[in-house]
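Undergrad: So that we are looking at the same thing, I have put the structure below in structure tokens.
The values are calculated or read from the model by the stated rules, or taken from the named source; none is laboratory data. Predicted model only: the values in this text are computed from it and were never measured. Cβ atoms come from the backbone with ideal geometry, glycine included; neighbour counts cover every protein chain shown. The accessibility values were calculated without ligands, DNA or RNA, using every heavy atom of the protein model including side chains. Shrake-Rupley method; radii C 1.70, N 1.55, O 1.52, S 1.80 Å.
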Amino acid sequence: MNKLLYLTRHGETQWNTVRRMQGQKNSPLTDLGLRQARWLAESLKGTRIDVIYSSPLGRAHDTAKLISQSLGAPVITRDELKELYFGSWEGQLKEDLETKYRETDYHFWNEPEKYVPTDGESLEELMTRSRFFYDEVLLKSPYENILVVAHAIVLKSFLAYTQNKEIKDFWTGPNLKPTSLTKARLTDGQLIYEFIGDTSHYEEESNFNGWFK
């Protein structure tokens, strides 16, 4: 079965604006984050979406629900789409992590092949989740036109797996800003990306303060 796959990140959150690590903790969408979700929903009108697979974490699920209300597609939550679990890092400010865990923080963002989590989930464990979601959920899904609403790092993991990247190349490719859109076509078992991280649906310039590459 041929499929069209769309991937997006949740809208901007309150913790994004102060560079506080979220992971599997949550913070609400900002007013801008809500608008970003609506901009994306508006841009997708006229596009056939059969189902929305969403992370169950609030910021992603709220984004998915706003899009669902506009497009009429059902939302199905999948635990595989949760953000990377950072353990005790969650809820801490980025600048504090840079001080308290200088080497580990540097490895995570700059040399991911050397990253060993303090007490959270490894990138290899996250890649296993992405592999399961792609192989066991997307490929076997009865739906042909699919939107995935998730998080920056898990989406980077999905891209890395489907593009056969090594962990050292985890962060390569475009930045995935809030509600940026990625489109891929699955034909005869081959996934081809048409574009990654598009924000042409933004109706105003975003001074996004996140740090994800």
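Undergrad: Of the listed peptides 127-138, 80-91, 103-114, what is their order by residue-averaged count of other C-beta atoms within 10 Å, with the highest listed first?
TA: Descending packing order for the listed peptides: 80-91, 127-138, 103-114.
Undergrad: A follow-up question, please. Given a Förster distance of 22 angstrom, what is the FRET efficiency for T77 paired with E42, based on the Cβ-Cβ distance and rounded to 0.05?
TA: Efficiency computed from Cβ-Cβ geometry: 0.40.
Undergrad: Here is a follow-up. Do the alpha carbons of any pairs in K25/K156; K25/K65; K3/K25 sit beyond 25 Å of each other, and which pairs?
TA: K3/K25
Undergrad: Protein chains only, probe 1.4 Å: how do V116, V148 rank by accessible area, largest first?
TA: Listed by decreasing accessible area, they come as V116, V148.
Undergrad: Turning to a different aspect of this structure: Ignoring any ligand, DNA or RNA, what whole percent of the accessible area of the chain comes from carbon and sulfur when the probe is 1.4 angstrom?
TA: Looking at the chain in its full context, I get 44 percent from C and S.
Undergrad: Moving on. Would you mind classifying the stretch 122-213 by shape? Square roots of the alpha carbon gyration tensor eigenvalues, ordered a ≥ b ≥ c; an a/c under 1.5 is rounded, otherwise it is prolate if a/b is larger than b/c and oblate if not.
TA: oblate
Undergrad: Also, quick follow-up: Residues of the stretch 64-213: accessible area per residue at 1.4 Å, in Å²?
TA: Normalised by residue count, the accessible surface of the stretch 64-213 is 48 Å².
Undergrad: When the chain is fully extended, how far beyond the present Cα-Cα distance does E204 get from H107, taking 0.36 nm per residue of separation?
TA: That pair, E204 and H107, stretches by 31.5 nm at full extension.
Undergrad: Between T187 and Q92, how high is the FRET efficiency from 1/(1 + (r/R0)^6) when r is the Cβ-Cβ distance and R₀ = 30 Å? Nearest 0.05.
TA: About 0.10, to the nearest 0.05.
Undergrad: With a 1.4 Å probe and every protein chain left in place, tell me how much accessible area K3 has, in Å² to the nearest 10.
TA: Counting only protein heavy atoms, K3 exposes about 20 Å² to solvent.
Undergrad: Specify the angular offset, from 0 to 90 degrees and rounded to the nearest 10, of the alpha carbon long axis of helix 123-132 from the longest principal axis of the alpha carbons in the chain.
TA: 20 degrees
Undergrad: Could you run the Karplus curve 6.51 cos²θ - 1.76 cosθ + 1.60 with θ = phi - 60° over the stretch 147-154 and give me ³J(HN,Hα) per residue in whole Hz, x for Gly and Pro?
TA: With coefficients 6.51, -1.76 and 1.60, one gets 10, 10, 10, 8, 10, 4, 6, 5 Hz.
Undergrad: Here is a further query. How large is the helix-only mean residue ellipticity at 222 nm for the chain, computed as the sum of -39500 (n - 2.57) over DSSP H runs with n ≥ 4, divided by its residue count, in deg cm²/dmol to the nearest 500?
TA: After summing the helix terms and dividing by the residues of the chain, the value is -9500 deg cm²/dmol.
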